[in-house]
1. So for the range 404-479, Kirkwood radius off the Cα pairs, Stokes-Einstein at 25 °C and 0.890 mPa s: how many µm² s⁻¹?
2. If the cut-off is 24 Å between C-alpha atoms, which lysines fall inside it for K515, apart from same-chain ones fewer than 8 positions away?
3. Taking every eigenvalue of the Cα gyration tensor of the range 14-107, multiplying by 5 and rooting it, what semi-axes result, largest first, whole Å?
4. Once phi is turned into θ = phi - 60°, what whole-Hz ³J(HN,Hα) does the Karplus curve with 6.51, -1.76 and 1.60 give for every residue of the range 198-206, x standing for Gly and Pro?
5. Quick one: of K558/K579; K321/K353; K299/K423, which pairs are farther than 20 Å apart, Cα to Cα?
6. Could you state the angle between the C-alpha long axis of helix 337-348 and the longest principal axis of the C-alpha atoms of the chain, as a value from 0 to 90 degrees rounded to the nearest 10?
7. Are there chymotrypsin sites (Phe, Trp or Tyr not before Pro) in the range 1-105 that DSSP marks as loop and that have at most 12 other Cβ atoms within 10 Å, and which are they?
8. Once Rh is set to the Kirkwood radius over Cα pairs, what Stokes-Einstein translational diffusion coefficient, in µm²/s, holds for the chain at a temperature of 25 °C and a viscosity of 0.890 mPa s?
Amino acid sequence: MLYQRTATCGDLSSDHVGQMATLNGWVDAYRDFGGLVFIDLRDRYGITQVVFEPDSGAELQAQARELRNEFVVGVKGIVAPRLAGKENPKLKTGAIELRARELVVYNATPTPPFEMHGPAPNEELRLTHRYLDLRRPSMLKVFETRHRLGQLMRRMMSEMGFLEVETPILGRSTPEGARDFLVASRVHPGHFYALPQSPQLYKQLLMVAGFDRYFQIARCFRDEDLRANRQPEFTQLDVEMSFVDDVMVTSTMEKLVAEMAREFTGHAPELPLPRLDYHDVMERYGNDRPDLRFGVELKDLAPIAAMTEFKVFREALEGGKRVRGICVPGGGGRYSRKDIDGLAEYAAGMGGKGLAWIKVEDAGLTGPIAKFFKPEAQAALLAIFDARPGDLILIVADSQAISSLVLTSLRSRLAAELDLYDKSAFHYSWVVRFPLLAWDAEENRYVAEHHPFTMPLFEDLHLLDSDPAKVRAQAYDLVVNGEECGGGTIRVHDPVIQSKIFALLGLSPEQANEKFGFLLSALRNGAPPHGGIALGFDRLVMLYCGLDNIRDCIAFPKTARGTDLMTGAPGTVDPRQLKELHLRPIQGS
């Protein structure tokens, strides 16, 4: 029997007192006081207290005493006010209770492997029983936010004149950067579809078709080694516009950024957002997605290192390496010698060969290397950091890459440990003018920093022939609180420039035509200047919900090894199906 509910567990109030109501949901809590049995009944909308009284009959009382947490039930009863002093102001329904007259048990469940309230269980247990994990109220709030974000995006994009267009999931494998997920074709033996890493080519073709403004909340797939906050399948807001430059694209998207900020934080950033040059950001912060809620900038200490008698610094400079450092406010008083040794081990785990340190005290500089700094070097060190007593200076002498990695990681870690910023605050900025190409020493060729269809800066076009490594791209990333939350470029609309970039990437004319012939043909047939961007939908939800793990805002995520603990995916398939796809099973599987 199904009781047709007349209200949800978050609907009833004092206005309904005296009325009959029917609720369906899960038993959230159970209390037996002898004569009275209470349950809290929960659904997506809230919780209602239900009481089974002695005058409701012995049979109903007996039924109620069999209930346990997470039983799925339906209850009919009369809405009544709670006893004076027993109201619960934390609940929308806290002024009333439902006095039960009928009860049906839809599902008498076993004891769940973890509680729906309180601290979250370990992740393996949560992901194995994800359908239970999603019942937890904290998880429900995340997916309510996810829904609201999707609705806000669709509304804003529509108001700005964009058309929502779906693009194929089964497409062609093209060398766009990451490894494709492949799908074998049954009717075309030896041929494969690829799942889209992004709708990149299709959205460019929509601009050639004259759609002018396109968007899609798109599913994307990349078969690459997973890192923290990365999934093999993810969602992005995908956008493309015609007759635009990079400033026009970023200015348009800033309207959406401001609206998201108002909706989910209550404070919109001042527009236009800061636009930071890639090379400047890399020098000052060590990576291209800096958290700008606090300072602690990296400083070049080469001139000061040259003034010292410290052998490690001098050898680094002679070997063409960098000597760089950060000054951590208050770190000198907070971190002991043992703590700093721990920071050195942390740096070593990232490939750092050493971490030099100096504490700033009222009497001057202290620490193992302070004796190598003459008075003029000490003064210069204090001046470059504007250091104060109680500060801690950390110095790395290593390659550009290692010094950047170690110092930016220490910067983020120590700022969090020392509460150097408001963790509820949000900072938005653009990082622009990325390199177009990067040299891959293993493959002995250039690779695209973003993707092969990125337009160079007009003033750098001549460098494609003479010095490709110096070419800057019309590229831009949206950075929020140290997370890359979006990235885009102006696209190449000139087939001559596109062919030249393909050649730099090691693609012969024949290979380029075989892989991208349809795109080159489209560019020759009236492609407008165009560009776009993709915003990381999952990552924005994570930030607005105050989460640390992107898996917590995806309904059914994969582990760091790319597995689904709940369903057991990936799994084996029937040999007959492999035969139909013209594939052979792996021996021993």
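Nothing in this text is a laboratory measurement; each read-out follows from the coordinates by a stated rule. Please read all numbers here as calculations on a predicted model, not as lab measurements. Backbone-built Cβ (ideal geometry, glycine too); neighbour counts: all protein chains shown.
1. The calculation lands on 162 µm²/s.
2. Output for K515: K203, K500.
3. Those come to 18, 15, 13 Å.
4. In residue order, the calculated couplings are 6, x, 3, 5, 5, 6, 5, 5, 5 Hz.
5. As for pairs spanning more than 20 Å Cα to Cα, those are K558/K579; K299/K423.
6. 80 degrees
7. F33
8. 86 µm²/s
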